[in-house]
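Colleague: First the structure, which I've put down as structure tokens, then a few questions once you've had a look.
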Amino acid sequence: FRRRNNQIIHKQKKMKTIKVRSLHLIYVFSILLMIGFIIYKSGKFLLTWEKLTVKSFKLINSPQKNPEVVKRILNRYRENILTLSFQDLRDQLIKIPEVKDVSLSRTLPSTIEIAFMLRKPVFQMSNKGKYEIYDREGVVLYKNNKRQEDLITLKYMNQKEVKKILPLLSELWDI
């Protein structure tokens, strides 16, 4: 009789622990599910919150020759500051001939700070009364109708000859 009773008690204890374990598992699973839901809702709120929409751009050392191009590019990037692709914006701004490099940073809640590193004009090439302004790397920065007095002027040259002159520019600055 005692042996039979011990077996019944042992089975009852085992059933009770199984029930307790399953209740604990359900409880832990429901807590994890609630935490996941809260994280999801918080993320969705942050990505759609109006206060995190880019409202202004702080431009440092902005290009002077193409301000309308910069404004047009920046108007395309008025979205949530957290999802804004800095790489895409940087790639678009570097396409402007006058811009050598760009540094971007977020200033929460709604401002993007853009610091431009501009190319410096070194010489100009005369071509049929118009002047193309070049930097040290041979990039045409802009075209001008007037001759700039502070730049070296090259006449009667083509693009291939300009490429040959570029390595010698450092010697001109040493004079």
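The values are calculated or read from the model by the stated rules, or taken from the named source; none is laboratory data. The shown structure was predicted, so the numbers you read here are calculated from the model rather than taken from an experiment. Quick reminder, even Gly has a Cβ in these numbers, built from the backbone with ideal geometry, and neighbours come from all protein chains shown. Just so you know, the surface numbers come from the protein's heavy atoms only, side chains and all, with ligands and any DNA or RNA stripped out. Shrake-Rupley method; radii C 1.70, N 1.55, O 1.52, S 1.80 Å.
Colleague: Can you tell me which residue among T83, T107 is modelled with pLDDT of 85 or more, out of contact with any strand residue (DSSP E or B) (no Cβ under 9 Å at 6 or more places or on another chain) and open to solvent by 50 Å² or more (accessible area, probe 1.4 Å)?
Modeller: Unique residue meeting the criteria: T83.
Colleague: So, one more: Just one of (1) under 44 Å from the mean Cα position of the chain (by Cα); (2) in a helix (DSSP H, G or I); (3) not polar (S, T, N, Q) trips up L82, so point out which.
Modeller: Going through (1) under 44 Å from the mean Cα position of the chain (by Cα); (2) in a helix (DSSP H, G or I); (3) not polar (S, T, N, Q) one by one, L82 breaks only (2).
Colleague: I would also like to ask the following. Can you name every residue in the stretch 45-65 that is part of a loop (DSSP other than H, G, I, E, B) and within 19 Å of the chain's Cα centre (by Cα)?
Modeller: Of everything in the stretch 45-65, those that are part of a loop (DSSP other than H, G, I, E, B) and within 19 Å of the chain's Cα centre (by Cα) turn out to be V54, K55, N61, S62, P63.
Colleague: Out of K65, K71, K55, I need the residue that is surrounded by 10 or more Cβ atoms within 10 Å (Cβ to Cβ), touching a Lys or Arg at 6+ places or on another chain (Cβ under 8 Å) and closer than 27 Å to L118 by Cα. Which one?
Modeller: Just one listed residue meets the conditions, K55.
Colleague: Hey, another quick one. All but one of (1) free of Cβ contacts under 8 Å to residues at least 40 places away in the same chain; (2) in contact with a helix residue (DSSP H, G or I) (Cβ under 9 Å, 6 or more places away or on another chain); (3) over 22 Å from V139 (Cα atoms); (4) not in a loop (DSSP other than H, G, I, E, B) hold for Y77; which doesn't?
Modeller: That leaves (4) as the condition not met.
Colleague: Next question. Could you check the stretch 87-102 and list, in sequence order, the residues that are surrounded by 13 or more Cβ atoms within 10 Å (Cβ to Cβ) and in a strand (DSSP E or B)?
Modeller: Within the stretch 87-102, V99, K100, V102 qualify.
Colleague: Moving to a separate point now. Using beta carbons and a limit of 9 Å, which pairs, at least six apart or on different chains, have the first residue in the stretch 1-12 and part of a helix (DSSP H, G or I) and the second one at pLDDT 75 or above and open to solvent by 100 Å² or more (accessible area, probe 1.4 Å)?
Modeller: none
Colleague: Which residues, taken from the stretch 25-52, are in contact (Cβ under 8 Å) with a residue 40 or more places away in the chain and either open to solvent by less than 100 Å² (accessible area, probe 1.4 Å) or touching a helix residue (DSSP H, G or I) at 6+ places or on another chain (Cβ under 6 Å) (or both)?
Modeller: If the condition is that a residue be in contact (Cβ under 8 Å) with a residue 40 or more places away in the chain and either open to solvent by less than 100 Å² (accessible area, probe 1.4 Å) or touching a helix residue (DSSP H, G or I) at 6+ places or on another chain (Cβ under 6 Å) (or both), then L52 is the only one that fits.
Colleague: Please go through the stretch 124-135 and give me each residue that is surrounded by 15 or more Cβ atoms within 10 Å (Cβ to Cβ) and out of contact with any Ser or Thr (no Cβ under 7 Å at 6 or more places or on another chain), ordered by number.
Modeller: Of everything in the stretch 124-135, those that are surrounded by 15 or more Cβ atoms within 10 Å (Cβ to Cβ) and out of contact with any Ser or Thr (no Cβ under 7 Å at 6 or more places or on another chain) turn out to be M125, Y131, E132, I133, Y134, D135.
Colleague: For F116, all conditions in the list (1) closer than 25 Å to I94 by Cβ; (2) open to solvent by 40 Å² or more (accessible area, probe 1.4 Å) hold save one; what is the number of the exception?
Modeller: With respect to (1) closer than 25 Å to I94 by Cβ; (2) open to solvent by 40 Å² or more (accessible area, probe 1.4 Å), F116 is out only on (2).
Colleague: What are the pairs, 6+ residues apart or on separate chains, where a residue within the stretch 132-156 that is under 17 Å from E98 (Cβ atoms) and of a type in the set (F, W, Y) has its Cβ under 9 Å from a residue that is modelled with pLDDT of 80 or more and not in a loop (DSSP other than H, G, I, E, B)?
Modeller: From the stretch 132-156, the pairs are Y134/F123; Y134/Q124; Y134/M125; Y134/V140; Y134/L141; Y142/E132; Y142/I133.
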